[in-house]
1. Pick from the stretch 29-45 the residues that are at pLDDT below 90 and touching a strand residue (DSSP E or B) at 6+ places or on another chain (Cβ under 8 Å): which of them is surrounded by the most Cβ atoms within 10 Å (Cβ to Cβ)?
2. Quick one: would you say Arg2 is free of Cβ contacts under 8 Å to residues at least 12 places away in the same chain and surrounded by 10 or more Cβ atoms within 10 Å (Cβ to Cβ)?
3. Would you confirm whether or not the stretch 15-24 contains a residue that is modelled with pLDDT under 90 and acidic (Asp, Glu)?
4. Show the residue pairs that are 6+ apart or on different chains and have beta-carbon atoms under 9 Å apart, the first residue being within the stretch 53-66 and closer than 20 Å to Glu26 by Cα, the second being assigned to a loop (DSSP other than H, G, I, E, B) and among the charged types (D, E, K, R).
Amino acid sequence: MRITAKGQVTIPRDVRERAGLMPGTEVEFEIEAGVVRLVKARTGGRRGTRGQELVESLRGHGDFKMTTDEIIALMRGPSADQG
């Protein structure tokens with residue numbers, strides 16, 4: 001495995017799956033006695049599940065001013081009885 005000119009390396013799928021490294025996972029590098037180790041980042045607080053983190057990242061981004069009925073009508077398009 002080689003490091004690219006941009007300093008990137010691909011972590012093989014089986015390694016990512018076994019280590020639980022999902023897209024968006026924060027990681028850190030630790031260096032000790034010439035050994036470089038990639039570890040999940042430690043955070044100050046307790047992190048939620050992947051789903052909880054996704055929901056939290058979306059929170060506050062839905063600013064629609066339409067009612068549910070208006071959204072459904074928009075998705076269905078004009079009805080045949082409306083001319």
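The values are calculated or read from the model by the stated rules, or taken from the named source; none is laboratory data. Bear in mind that the values here come from a model prediction, so they are computed numbers and not experimental data. Note that each Cβ is placed from the backbone with ideal geometry, even for glycine, and that neighbours are counted across all protein chains shown.
1. Lys40
2. no
3. Taking every residue of the stretch 15-24 in turn, none turns out to be modelled with pLDDT under 90 and acidic (Asp, Glu).
4. So the pair list comes out as Glu53/Arg47.
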